[in-house]
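Asks: Can you keep this structure in mind? I'll have questions shortly.
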């Protein structure tokens, strides 16, 4: 049987740089390496020596798609160090802020990145000719997410409104009222999206993986909670992350692989739905039941449906928060700078994002650790590719295998911003 | 309604779109130009489509990279952009992709022109290189004349 080497030297349009190489020998995958070179490692060093009030602006620069996640994990850690408990207004508005990011990121991924894979198009631009209404819906949902980000952050890209203790300023009553009207107008889009994603041609897969996310007693995972795994069962405080989760170097990647007790695991919307569907509002649970998809699901391609569900949830949650909006006495809580170690763990659109900071008595960062969801998902993506390509058929032509590999990788939304064709493939056949 | 949109990150020569907008805004009495909207944005991706919404004419200003000398000003129509192999802007899902998507969805304005200034190797600071600093006033002058001509031609 012909030996096949699939080498993808550059994963273009990745937040960071990546490559994929697969070697097939005697009808079996001999090696399969996904390498994503994550920039956050440099940011950990950039942060050392910076004062606490510079941290949020710096970490927002790690990712153009999910800056709020980086800000919210960092602020949680710093407030733990300074023993600062933000007021109820701040807590609510941070959740609304985060909803904006989920909308923006998920809206982009579902319509522009993932849907063309399911429908057999090379890009959203091609898909738009046959599915203009769906692509326009994606633009609308993406835009409303950006507007919520701008409401709190001053701008949608690398927002600057959040600070330790809360926000530098509170949005006006009129701005929130206007936003509420726009959210209301988007509800039908989001409801339709769930049924649409569930109707997409779906590849059947049944894989075994731990679904991991944070979990909170009273709300769907987003801003805070314990670290939770379904199987093996795990429920631990964020401070104990490194007792079970270890990063390790692998030869083929400059990014660290993170494993839970030696096992790859899955983060992101599918894991959150798998673990916490019961925390969604009843009307959303009914819609999910109507799709016919059974959650928890071990078909990773159901991630696109999970993202659609979370879009609807984020809209409803933002509406709930804004419906009771009033101007606060203070948009940020007071605190005293002190030395210490703090931890932050929140749910970025693409999964759990863990931070740890050490601060000296003057408020300067002496060390930081940032473990983004993409590096945590990396080992799982490789496992998925291994199983998916076997299920797909290693005897298929190489273009088809490449496209399927792309679909599998993209399905995790691994900080691959705005990509439609991110694998440029060189195939070498050995006689 | 005309929208003039400067695109770029705030660093080095990539911020030239912002500088052009700042200088244009300083040139005009905004109260007499209520049909012109000046905007700046940092890597708008798909949001460029919603930024263009409502405009009959859009003028985009961005850094470009091709084979020209740094500081060269280029003017591109949508067709030029779609056919061009030059790297339009330094951003990934860049201006070209956003405009192609808008074109697929019939969301392009009636008239659209991209004014680009060729950039060289970017440095990691917030200063403009001399080539770009010299080119910006020329582009501002050209755009000012164009806008004034439009304004004067109105009854």
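The values are calculated or read from the model by the stated rules, or taken from the named source; none is laboratory data. It should be emphasised that the depicted structure is a prediction, and the values quoted were computed from it without experimental measurement. Cβ: placed from backbone, ideal geometry, glycine included. Neighbour counts: every protein chain shown.
Asks: Only one residue in A:330, A:347, A:361, A:336 is touching a residue at least 12 places away in the same chain (Cβ under 8 Å) and either crowded, with 17+ Cβ neighbours inside 10 Å or part of a strand (DSSP E or B) (or both), so which one is that?
Replies: Values: A:330 fails: either crowded, with 17+ Cβ neighbours inside 10 Å or part of a strand (DSSP E or B) (or both); A:361 fails: either crowded, with 17+ Cβ neighbours inside 10 Å or part of a strand (DSSP E or B) (or both); A:336 fails: either crowded, with 17+ Cβ neighbours inside 10 Å or part of a strand (DSSP E or B) (or both).
Residue meeting the stated conditions: A:347.
Asks: Please pick out the residue among A:311, A:293 that is surrounded by fewer than 23 Cβ atoms within 10 Å (Cβ to Cβ), more than 15 Å from residue A:411 (Cα to Cα) and out of contact with any strand residue (DSSP E or B) (no Cβ under 7 Å at 6 or more places or on another chain).
Replies: A:293
Asks: Out of all the residues in the range A:314-323, which are out of contact with any helix residue (DSSP H, G or I) (no Cβ under 6 Å at 6 or more places or on another chain) and touching a residue at least 24 places away in the same chain (Cβ under 8 Å)?
Replies: Result: A:316, A:323.
Asks: Among (1) modelled with pLDDT under 95; (2) buried (at least 19 other Cβ atoms within 10 Å of the Cβ), where does residue A:324 come up short?
Replies: Checking residue A:324 against (1) modelled with pLDDT under 95; (2) buried (at least 19 other Cβ atoms within 10 Å of the Cβ), the one that fails is (2).
Asks: Answer yes or no as to whether residue B:21 is more than 17 Å from residue B:127 (Cα to Cα) and either within 14 Å of chain A (Cβ to nearest Cβ) or modelled with pLDDT of 85 or more (or both).
Replies: So residue B:21 fails the test.
Asks: Can we say residue A:366 is modelled with pLDDT of 95 or more, crowded, with 24+ Cβ neighbours inside 10 Å and part of a strand (DSSP E or B)?
Replies: no
Asks: Turning to a different aspect of this structure: Tell me, which strands (runs of 3 or more DSSP E) wholly within the range A:176-275 include 2 or more residues that are in contact with a strand residue (DSSP E or B) (Cβ under 8 Å, 6 or more places away or on another chain) and under 27 Å from residue A:408 (Cα atoms)?
Replies: Fully inside the range A:176-275 and qualifying: A:212-215, A:226-229, A:245-250, A:253-260.
Asks: Let me ask something else. Would it be correct to say that residue A:205 is surrounded by fewer than 16 Cβ atoms within 10 Å (Cβ to Cβ) and either over 29 Å from residue A:405 (Cβ atoms) or at pLDDT below 95 (or both)?
Replies: Against the criterion (surrounded by fewer than 16 Cβ atoms within 10 Å (Cβ to Cβ) and either over 29 Å from residue A:405 (Cβ atoms) or at pLDDT below 95 (or both)), residue A:205 does not qualify.
Asks: For the range A:117-137, what are the residues that are free of Cβ contacts under 8 Å to residues at least 40 places away in the same chain, surrounded by 20 or more Cβ atoms within 10 Å (Cβ to Cβ) and at the interface with another protein chain (Cβ under 8 Å from one of its Cβ atoms)?
Replies: A:128, A:135
Asks: In the list A:99, A:185, which residue meets the criterion of being away from every other protein chain (no Cβ under 11 Å) and surrounded by fewer than 21 Cβ atoms within 10 Å (Cβ to Cβ)?
Replies: The unique qualifying residue is A:185.
Asks: While we're here: Can you spot a residue in the range B:28-41 that is within 14 Å of chain A (Cβ to nearest Cβ) and not in a strand (DSSP E or B)? Outline the logic, then answer.
Replies: As a first pass, look at the range B:28-41 and keep what is within 14 Å of chain A (Cβ to nearest Cβ): B:39-41.
Subset that is not in a strand (DSSP E or B): none.
Within the range B:28-41 (the criterion being within 14 Å of chain A (Cβ to nearest Cβ) and not in a strand (DSSP E or B)), the answer is no, since none of the residues qualifies.
Asks: Which ones in the range B:1-27 are assigned to a loop (DSSP other than H, G, I, E, B) and in contact with a helix residue (DSSP H, G or I) (Cβ under 9 Å, 6 or more places away or on another chain)?
Replies: At the first step, the residues of the range B:1-27 found to be assigned to a loop (DSSP other than H, G, I, E, B) are B:1, B:8-11.
Selection gives B:8, B:9, B:10.
Asks: Could you please give the count of residues in the range A:148-181 that are within 14 Å of chain B (Cβ to nearest Cβ) and surrounded by fewer than 20 Cβ atoms within 10 Å (Cβ to Cβ)?
Replies: So the answer is 4.
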